[in-house]
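Read through the structure below, which is laid out as structure tokens, and then see the notes.
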Amino acid sequence: MKKGFIFDLDGVITDTAKYHFIAWRDLGTEIGVDVDLKFNEQLKGISRMDSLDRILAHGGKENDFTLDQKEALAAKKNTHYVELLQSLTPADLLPGVKEFLDQASTKGVPCAIASASKNAPFILEKLGVKDQFAGIVDPATLHKGKPDPEIFIKAAELLNIQPEEAVGFEDAQAGIDGIKACNMYAVGVLSGEPLHGADLTCHELTELNMDELLQK
Ligand code: BG6
Ligand code: MG
């Protein structure tokens, strides 16, 4: 019997993945690195700085910038990303998310957010669902990012349950790998690329039966 739900944010609760892509693509153009949609898949679930490192390595520019310059580039990307987020409203919740959270609340099943994004509280506020989460892991407190399971273990702790008592929802391979590494049940939310190792996959949360999930 499962006792809690743990959600990734970008690509699961809302489609901010497209705004991350636009912001990285434009930064890439500025520094002469081509960030296309296929390469962008490798940035999903990965922290801001790690994403920049992957982009620089992708363009063979890993030794071209000092740490200060890299921090300035990451900040520039984030400023653009946050500009793109200003127009977010509750209408930007992905299909079935609001209904799923409401149903979990009715059943007394607590929910938490396990996202690498430092913008998560702001995004949840804009979407009007922040109060529906009993906990949001602060990614600044993590030693390792996804695919390390640390963020999912912390999210379970916030809900006062064991990782194996939770169901984790993820759209990124790094996230599915992190969920499985702590023996959590993994639901993969598909948006194009296949996800390996998920216990169950769906295209949107409307396809899921909560009672069946809680029995897993
Ligand atoms: C993850 C996204 O949720 O958050 C990544 O999938 C992103 O693409 C990461 O890089 C960090 O986000 P932020 O908002 O802190 O730059
Ligand atoms: Mg995601």
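The amide H of LEU200, built 1.01 Å from its N in the peptide plane, has ALA186, GLY188 as neighbours under 5 Å, considering only residues 5 or more places off or on other chains. All C-alpha pair distances within the range 41-115, sorted into 5 Å bins from zero, spread as 3, 11, 15, 17, 15, 11, 10, 8, 5, 3, 1 percent across the bins. Taking packing as the residue-averaged number of other Cβ atoms within 10 angstrom, the listed peptides 119-127, 52-60 run from highest to lowest as 119-127, 52-60. As a proxy for reagent exposure, LEU158, LEU67 were ordered by neighbouring Cβ count within 10 angstrom, fewest first; the result is LEU67, LEU158. When each pair of different Cα atoms in the chain is counted once in the 1/r mean, what is the Kirkwood radius in angstroms, to one decimal? So the Kirkwood estimate lands at 17.6 Å. Computed from Cα positions, the angle between helix 17-31 and the longest principal axis of the chain comes to roughly 10 degrees.
Shape call for the range 138-216 from the C-alpha gyration tensor, a ≥ b ≥ c root eigenvalues: rounded (a/c under 1.5), prolate (a/b greater than b/c) or oblate? Before the final figure, lay out the partial values.
Numbers: a/c = 2.06, a/b = 1.27, b/c = 1.63.
It comes out oblate by the Cα gyration axes.
Report, in whole Å, the centroid distance computed from the Cα atoms of the range 180-210 and the range 50-91. After rounding, the separation between the Cα centres reads 28 Å.
Of the Cα atoms belonging to the range 16-85, the radius of gyration and Dmax stand at 10.9, 31 Å.
Under the √(5λ) rule applied to the eigenvalues of the Cα gyration tensor, what semi-axes describe the equivalent ellipsoid of the range 83-203? Give them in Å, descending.
In descending order, the three semi-axes are 21, 17, 16 Å.
Mind checking the angle between helix 48-58 and the chain's longest principal axis? C-alpha axes, 0 to 90 degrees, to the nearest 10. It is inclined by approximately 50 degrees.
Quick one: of LYS76/LYS216; LYS2/LYS118; LYS44/LYS126, which pairs are farther than 32 Å apart, Cα to Cα?
Too far apart for the 32 Å limit: LYS76/LYS216.
Bear in mind these aren't lab numbers, they're just calculated from the coordinates by the rules spelled out. Worth saying up front: this structure is predicted, and the values here are computed from it rather than measured. Cβ atoms come from the backbone with ideal geometry, glycine included; neighbour counts cover every protein chain shown.
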